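Readers should treat all values here as calculations from the given coordinates under stated rules, not as data from a laboratory. Predicted model only: the values in this text are computed from it and were never measured. FYI the Cβ positions are ideal-geometry reconstructions off the backbone, even for glycines, and counts take in every protein chain you see.
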């Protein structure tokens, strides 16, 4: 009996030994998940309080995208969390502009645990460009100590980005939408220095009629949930009726301040202290910031909303009329952030998926259109029209 046991054990050991002349064993990285039989999910790009953003490949169009994966259990624990997610998806479905991040698909996992927003891919945010690898001067920092200076952009580069920011905000306002949280972390950058406005979780339509409203007296919003450090004085002092467009212009001024200085204008140990500093309106710009740039920032961050320039007026400032062509001093997003070309990223993820399919079943996640969407579900459309509706159609 003992001999038989030894032989059996020996056979099991042999099963675990790879012969020297056998093909090499390839240990693949984590298998990309397939969503809606179209979107392959790759590596992590970023992480927030209630979800993650991951690289995504559209296998139909061979295009690199990003997918925001929202854990609804966590969202429900946040004040207005579900409302903010619904608001963001609804707004992005209505928007179409080269300086606004585009939403391609919005759907739920079949168990209802996760919501997926598939959108344009970008190299990094403007905040990442200026802070990656450094101790960041964060817009969420509440310390009152002296914050370290992060990278500041050459003014020609800041001007290029700011002009695009104005273009994007002008479009949003033409659609009667106020963003309310235009901070560097919500301004994405492509490898060719294109700005993409994102994160519409606290945005507000200027009228209940939405983008088709034509009332003249509809610039009033009733509050702001956005990041405290970018709030204008009227929010910091508790005003209940706010000009939405003027609020966005102030936020643009804070973003420009950060671009050219690498610093946050107002800090404090608490939200109350930050608001007290904003209400006082005393900030300091580094010596290297030019006088024309200082003048524009001062007007955009004026304590009086009525004194802030409109977008059309801001474009006419002396600083905006100067040269903004790329030069050797520009900070390249692809130099600061670990980067691979679109073709390489697509090939890598597709290879991982094909390799998994050869050895075992690839991971496919069952999904359905988001219940929060006003759009009819796929099955409803098929029953009504007799035609197949593509799972990613947002029309």
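Note that segment 243-329, at 4 °C in a medium of 1.567 mPa s, gets a Stokes-Einstein diffusion coefficient of 93 µm²/s from its Kirkwood radius over C-alpha pairs. The ranking of 67, 289, 85 by Cβ neighbour count inside 10 Å, starting from the fewest, reads 289, 85, 67. Stretching the chain fully between residue 307 and residue 351 yields a gain of 10.2 nm (0.36 nm per residue, less the alpha carbon separation).
Label 7 Å along Cα→Cβ of residue 174; segment 81-115 residues with amide nitrogen under 12 Å? Output list for this probe position: 96-99. When the label point is put 7 Å from the Cα of residue 318 along its Cα-to-beta-carbon vector, which residues of segment 281-301 have a backbone N closer than 20 Å? Counting only backbone N, you get 285-301.
Defining a contact as two alpha carbons under 8 Å apart and six or more residues distant in sequence, what relative contact order in percent does segment 124-336 show?
Once divided by the residue count of segment 124-336, the mean separation gives 28 percent.
Any idea what diffusion coefficient segment 124-336 gets from Stokes-Einstein, in µm²/s, Kirkwood Rh on alpha carbon pairs, 20 °C, 1.002 mPa s? It comes out at roughly 123 µm²/s.
In terms of its C-alpha gyration tensor, segment 80-126 comes out prolate, because a/c is 1.5 or above and the ratio a/b outweighs b/c. Computed from the C-beta positions of residue 61 and residue 37 and an R0 of 22 Å, the FRET efficiency is 0.95 to the nearest 0.05. Taking other C-beta atoms within 10 angstrom as a stand-in for reagent exposure, 179, 152 fall in the order 152, 179, fewest first.
Segment residue 83..residue 163, full-extension length gain: 25.7 nm, with 0.36 nm per residue of separation and the alpha-carbon distance subtracted.
For residue 295 and residue 191, a Förster radius of 30 Å and the Cβ-Cβ distance give a FRET efficiency of 0.40, rounded to the nearest 0.05.
Based on the Cβ-Cβ distance of residue 47 and residue 73, what FRET efficiency does E = 1/(1 + (r/R0)^6) give at R0 = 22 Å, to the nearest 0.05? That gives a FRET efficiency of 0.90.
This ranking places 96, 204, 338 by how few other beta-carbon atoms lie within 10 Å of each, fewest first, which gives 338, 96, 204.
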